Amino acid sequence: MYPLHREREQPIFSARAHVFQIDPATKRNWLPASKHAVTVSFFYDATRNVYRIISVGGTKAIINSTVTPNMTFTKTSQKFGQWADSRANTVYGLGFSTEQQLQQFAEQFKEVKEAARLAREKSQERFELANPALNIAAPQLSQELSEDRHSPPLLTVNGPGEEKLFRSKSAEVELTAEKERVKKMLSEGSMCEINLEAELFTLQDSNAKLVAALQEANSSVEQWKKQLAEYQEETDRLRDQVAELEAQLGRPSAGQPGKEELSRSLEELEALLRAKDQEIHNLQSKKTDVGELEREREEAMQRLKDLERRNVELEDRVQSSEKTLASNREEQAHAEVEVRRIIDVLDIKIGDLNNLRESLAKLVSK
């Protein structure tokens with residue numbers, strides 16, 4: 001998923017700085033998030049229409065902050081600035097090598113913040129004004145229905161029309177509920193995507209550590225194999241010496257002191273042999289640690305694939321919801337056209353009825 005985000009996002013500004021995060025325990029001290037200066041970039045996600053500040057140290061994302069209109073970048077010294085991210089529940093700090101770099105980053109932060117504000121307002125206006133006739137048609141329909149209820153002649157003429165108006169109002173309520181449901185689904189999808197991305201960064205960090213540990217273990221295994229071969233050769237040589245000493249002990253010797261010396265040498269060789277056997281056993285037991293590291297790495301890769309699949313399913317659900325919303329808007333537009341046609345017919349009928357009343361009034365007066 002991480003490469004997928006990099007393809008749809010475009011960097012708009014980059015700078016190098018030392019990254020810090022506020023200590024969650026004291027909320028006063030700074031904790032270094034990078035050992036040296038790293039690249040800090042502003043990215044624009046054209047698909048989601050959001051701006052983000054991202055910095056990657058090795059295989060770990062040390063900054064992943066979505067810029068919102070209520071964020072503020074504060075310069076606390078000539079070469080240091082900070083901003084608070086409520087979503088990440090932390091405060092980020094950047095230390096630059098020159099005052100000019102800090103000023104450029106602060107100006108870029110201000111421009112991105114304004115762009116994020118305009119993007120949010122534009123998105124809200126586009127959602128509220130997607131069908132401006134909706135807010136206008138509802139009061140008119142209510143007023144005309146009220147007038148129809150107070151006028152007995154109109155009740156006898158416009159019975160079917162009232163039924164159609166009632167159905168249109170019901171469809172309007174259902175469409176409003178559908179809009180709220182889709183909006184809620186989209187917000188939940190955005191939060192789920194953020195959580196998935198955070199979990200992905202954690203898995204990538206764990207995967208990198210496992211790969212490094214596995215590489216170190218592989219190099220250690222090669223070294224252990226060499227040591228094991230050397231120990232086995234030395235063990236064979238010691239066993240041959242023991243066999244020779246035992247053969248010599250079995251032969252008649254000239255004096256007793258020679259046998260005692262051979263016995264001591266034999267005991268020392270046996271002790272050395274037991275020590276080498278123990279080292280061989282320890283080396284063989286360390287091989288199992290490499291297997292466990294390999295299994296943990298495979299499990300992490302499987303979890304990473306599951307997260308990517310869940311992200312694809314979530315994007316499919318969002319696209320399906322958008323299609324449903326577009327279909328409901330088309331149905332609402334057809335319903336409004338039908339309502340206007342009925343209103344025009346009612347106006348004509350009312351005019352005919354008024355003419356009929358005037359004619360009756362003239363006949364009565366004659």
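The values are calculated or read from the model by the stated rules, or taken from the named source; none is laboratory data. Not measured: the values here are computed from a predicted model. Here Cβ is always computed from backbone atoms with ideal geometry, including for glycine, and neighbour counts include all displayed protein chains. Note: accessible area is taken over every heavy atom of the protein model, side chains too, but ligands, DNA and RNA are not part of it. Shrake-Rupley method; radii C 1.70, N 1.55, O 1.52, S 1.80 Å.
Remark: segment 11-129 carries 57 Å² of accessible area per residue (probe radius 1.4 Å; ligands, DNA and RNA excluded). Estimated at 0.36 nm per residue, the fully extended path between His334 and Gln104 surpasses their Cα-Cα distance by 77.5 nm.
A cut-off of 5 Å between modelled amide H atoms, ignoring neighbours fewer than 5 places along the same chain, links Thr90 with Asp85. Towards the positive end of the charge dipole of segment 286-366, with charges on Cβ (+1 Lys, Arg; -1 Asp, Glu), say which of Val337, Ile348, Ser327 has the farthest Cα. Of the options given, the answer is Ile348. With contacts taken as Cα pairs under 8 Å at a separation of at least 6 residues, segment 11-129 carries a relative contact order of 23 percent. Amide H contacts of Val67 (H built 1.01 Å from N, in plane; Pro and chain starts excluded): Tyr51, Arg52, Ile53 sit under 5 Å, all sequence-distant by 5 or more or on other chains.
Taking every Cα-Cα distance in segment 11-129 and sorting them into 5 Å bins starting at zero, the pair-distance distribution P(r) comes out as 2, 11, 21, 24, 20, 11, 6, 3, 2, 0 percent. Placing +1 on the Cβ of each Lys and Arg and -1 on the Cβ of each Asp and Glu in segment 11-129, which of Gln78, Phe20, Ile53 has its Cα farthest towards the positive end of the resulting dipole? About the Cα centre, the residue reaching furthest to the positive side is Phe20. Sequence-ordered 3J(HN,Hα) estimates for segment 315-320 from the Karplus curve with 6.51, -1.76 and 1.60 and θ = phi - 60° stand at 5, 5, 5, 5, 4, 5 Hz, glycine and proline given as x. Our coupling estimate for segment 34-40, obtained by passing each phi through the Karplus curve with A = 6.51, B = -1.76, C = 1.60 and θ = phi - 60°, is 9, 6, 9, 5, 10, 7, 10 Hz, Gly and Pro reported as x. The charge dipole of segment 270-366, taken about its Cα centre with unit charges on the Cβ of Lys, Arg, Asp and Glu (plus for the first two, minus for the last two), comes to roughly 640 debye.
Taking amide H positions as modeled 1.01 Å from N, with prolines and chain starts lacking one, the residues under 5 Å from Ser34 and 5 or more places away or on another chain are Val19.
In the context of the full protein assembly, Glu308 retains an accessible surface of approximately 80 Å², using a probe radius of 1.4 Å and ignoring ligands and nucleic acids. Can you work out the FRET efficiency for the pair Thr68 and Val345, with r the C-beta to C-beta distance and R0 = 45 Å, to the nearest 0.05? Plugging the Cβ-Cβ distance into 1/(1 + (r/R0)^6) gives 0.30. Computed 3J(HN,Hα) for segment 271-283, one whole-Hz value per residue from the Karplus formula 6.51 cos²θ - 1.76 cosθ + 1.60 where θ = phi - 60°, is 5, 5, 5, 5, 5, 5, 4, 5, 5, 4, 5, 5, 5, glycine and proline marked x. Restricting attention to segment 11-129, the count of lysine pairs at 8 or more positions apart or across chains with alpha carbons under 26 Å apart stands at 17.
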